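Enquirer: Provided herewith is a single structure, encoded as structure tokens, for subsequent inquiry.
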Amino acid sequence: MNFTVSPFFVNRLPLRSFFIFLYFLLSSFSVCSQDTGDVDPSQLSTDKNLAAVKVEGTTLFYVKGISAYPAQLRASTISQRIRKAAAITSIPVDSVNVTSNDDHMQIYAGKEFIMNVYQADAEVEGVNIAILTEVIKTKVKEAIRVYRYERTPSFIRAAVWHALVAFLVTIAALIIFSWLSRRLKKAVKAWIHGKSDLIEKISFRLIHPDQLIDALRGWYRLIRTIMILVIILIGIEYMMALFPWTKSAAAYILQLFLDPLQQMGRGVLNYLPKFFFLVVIYFITRFILNLLKLFFNGLQNGAIEIHNFYSEWAMPAYQIIRFLIIVLAVVMAFPYIPFSDTSAFQGISVFLGLILSLGSSSFVSNIIAGYSLTFRRAFKIGDRILVNDTIGTVETQTLMVTRLRSVKNEEIVIPNSNLINTTVLNYSKKSQDPGVILHTTVGIGYETPWRQVDSMLKLAAERTEGLLKEPAPFVLKRALGDFAITYEINVYCNDPSRILHYYSLLHQNILDVFNEYNVQIMTPNYVLDPESPKVVAKANWNMPPASEITITSKSKGPEKI
């Protein structure tokens, strides 16, 4: 029996397999081209009431189903009938004919029944039932002709030779690709080492060439593995497509990999308008933020002045406004983010929001406290402050914590939420106008004239180096106690960083002056008058180890101890 086969099924070009990925691009961009048909094929394939009639992996046409007889079952039955008729070689190809009934038309191959064509099938295609029946008849005849031709010995021998050549080509492609990938790897590695100075300069020496090579090695392995799999799959698909028994499997494998790519391509094309909207939002937001940064930089540097707006407020205010603008931009862009309208994405968003709200209460309170401290102007960098019982110099102030350096060179980290609820004593705020006042108290008995005590305290303050002479020191009588009067000496100081040192000197001079004038300090407690005043004689002020004294030895003469 002689067969006439179209050139498409006879001439299989080896280059076909290398262009299978063009199907992804062509099928994706086809959604943007003008379609003159009444029915979108992509909709047909996804319609639940339609199913494709396939023979050896090739789609012939689509049929419609009903609830009692689903389209998929009907299409599968028709496919089996076509293959059965094609397998009976005694049935001539030209014996495919059409008979007409009252409400439908029937197609036979000889005496073998193939299918019924109903008016509903014609309505789906948008054509007359007679025309649709003739089209289906032609496709059935072609399918039978191809089915028989592909099982002839000459075709099988040619397919074996093509498969052998394809196998060798696949092996050669793998060898060539491996060689090229190794050469490329060496070239990239040599180029990175050649640009090592430039890479370290651009990255501020954070990235070493060896680190960059290690990072690229993972991507190289991934891409290399993917390319090897692609080459192998192309070879396998081509070789399986050569034989009629494996052609359906080859089409299934090809579709298995191309369908996701096609869906991805169609999704990317459909998402382009939303993507451009996001790009516009991004650039507008960035432009506004750049303008705001220039404005607040001017406020910080003093180039722009606003009444009652301090320069240290500039950057915190910019950060607050920047945060609000970014939040507004995210709210506007959220509906255009991929998968944002899915329940899974919304569920994850709610879950993350719940975690942040439960676990970040202290985090948020510290940030709010940090901004509050900035706008309250309680202190600034370099100020000497007292927080609870801790004295230190402010070194850094962030949104979360404030770091102090104590007089013992210790770093003290205080959360801002603690500072906002604590009294902060700032020694540096008024240290220059007119100065911070150092004060200390002593308890002196009633038998000592208060004018003498005032003079002695002022004399001690005058002897203390580093304290200001103007404004002049002054003495307050803080309390008239049961056994003593509490005097308080107040002295001005313009260097709060040395407050503890000045206090030590002041206390030292007070002790010296009161001992010098034979006045007893009765603080902190008094029981009864001693037989002699509790003072240190001036001759004993320099007792060892305060200084060396000279004694006379009868046997050795003067000796230092």
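The values are calculated or read from the model by the stated rules, or taken from the named source; none is laboratory data. What you see is a predicted model; the values in this text were computed from it and never measured. Here Cβ is always computed from backbone atoms with ideal geometry, including for glycine, and neighbour counts include all displayed protein chains.
Enquirer: If you take the residues of the range 161-190 that are touching a Leu at 6+ places or on another chain (Cβ under 8 Å) and among the aliphatic types (A, V, I, L, M), which of them is nearest to THR246 (Cα to Cα)?
Expert: ALA163
Enquirer: Checking GLU516 against (1) under 26 Å from ALA378 (Cα atoms); (2) of a type in the set (Asp, Glu); (3) surrounded by 14 or more Cβ atoms within 10 Å (Cβ to Cβ), only one condition comes out false. Which one?
Expert: Looking at each condition in turn, GLU516 falls short on (1).
Enquirer: I've got another one for you. Just to verify a result, which residue in the range 42-56, among those that are under 50 Å from the mean Cα position of the chain (by Cα) and modelled with pLDDT of 80 or more, is farthest from ARG81 (Cα to Cα)?
Expert: LEU50
Enquirer: Take the residues of the range 242-267 that are charged (D, E, K, R) and farther than 17 Å from ILE156 by Cβ: which is surrounded by the fewest Cβ atoms within 10 Å (Cβ to Cβ)?
Expert: Among those residues, the one meeting the criterion is ASP259.
Enquirer: Would you confirm whether or not the range 301-314 contains a residue that is in contact with a Lys or Arg (Cβ under 7 Å, 6 or more places away or on another chain) and either polar (S, T, N, Q) or closer than 13 Å to ILE281 by Cβ (or both)?
Expert: no
Enquirer: Can I ask one more? Given the conditions (1) out of contact with any helix residue (DSSP H, G or I) (no Cβ under 8 Å at 6 or more places or on another chain); (2) more than 30 Å from ALA52 (Cα to Cα); (3) polar (S, T, N, Q), and given that SER181 satisfies all but one, which numbered condition is not satisfied?
Expert: (1)
Enquirer: GLY298: small (Gly, Ala, Ser) and at pLDDT below 85, yes or no?
Expert: In short, no.
Enquirer: Continuing with the same structure: Quick one: which residue in THR464, THR423, THR448, THR440 is exposed (fewer than 13 other Cβ atoms within 10 Å of the Cβ) and among the polar types (S, T, N, Q)?
Expert: After ruling out the rest, the residue left standing is THR423.
Enquirer: Are there any pairs, at least 6 apart or on different chains, whose C-beta atoms fall under 7 Å, with the first in the range 207-223 and farther than 16 Å from GLY194 by Cβ and the second modelled with pLDDT of 85 or more and surrounded by 11 or more Cβ atoms within 10 Å (Cβ to Cβ), and if so, which?
Expert: Within 7 Å, the pairs are TYR220/LYS185.
Enquirer: Can you name the condition, by its number, that TYR492 falls short on among (1) at pLDDT below 90; (2) surrounded by 17 or more Cβ atoms within 10 Å (Cβ to Cβ)?
Expert: Failing condition for TYR492: (1).
Enquirer: Among (1) under 25 Å from GLU237 (Cα atoms); (2) part of a helix (DSSP H, G or I), where does ARG151 come up short?
Expert: That leaves (2) as the condition not met.
Enquirer: Quickly run through the range 392-406 and pick out the residues that are within 20 Å of ILE499 (Cα to Cα), surrounded by fewer than 15 Cβ atoms within 10 Å (Cβ to Cβ) and not charged (D, E, K, R).
Expert: SER406 - this is the single residue of the range 392-406 that is within 20 Å of ILE499 (Cα to Cα), surrounded by fewer than 15 Cβ atoms within 10 Å (Cβ to Cβ) and not charged (D, E, K, R).
Enquirer: Taking the range 104-138 as the search range and keeping residues that are surrounded by fewer than 17 Cβ atoms within 10 Å (Cβ to Cβ), within 25 Å of LYS84 (Cβ to Cβ) and of a type in the set (Val, Ile, Thr), which one is nearest to the chain's Cα centre (by Cα)?
Expert: VAL135
Enquirer: If a residue has to be touching a strand residue (DSSP E or B) at 6+ places or on another chain (Cβ under 6 Å) and not in a loop (DSSP other than H, G, I, E, B) to count, how many in the range 441-476 make the cut?
Expert: Final tally of qualifying residues: 11.
Enquirer: What single numbered condition from (1) modelled with pLDDT under 85; (2) closer than 24 Å to LYS141 by Cβ fails to hold for ALA68?
Expert: Looking at each condition in turn, ALA68 falls short on (2).
Enquirer: Go through the range 102-144 and give me each residue that's closer than 28 Å to PRO244 by Cα, of a type in the set (Asp, Glu) and outside any strand (DSSP E or B).
Expert: Correct list: GLU134, GLU142.
Enquirer: In addition: Within the range 422-460, restricting attention to residues that are modelled with pLDDT of 75 or more and closer than 24 Å to VAL401 by Cα, which residue is nearest to the chain's Cα centre (by Cα)?
Expert: Only one residue fits best here, namely THR422.
Enquirer: Within the range 256-270, does at least one residue satisfy the condition of being in a helix (DSSP H, G or I) and among the acidic types (Asp, Glu)?
Expert: yes
Enquirer: Give me a count of the residues in the range 432-484 that are touching a helix residue (DSSP H, G or I) at 6+ places or on another chain (Cβ under 6 Å) and either among the small types (Gly, Ala, Ser) or without any contact (Cβ under 8 Å) to a residue 24 or more places away in the chain (or both).
Expert: Of the residues in that region, 4 qualify.
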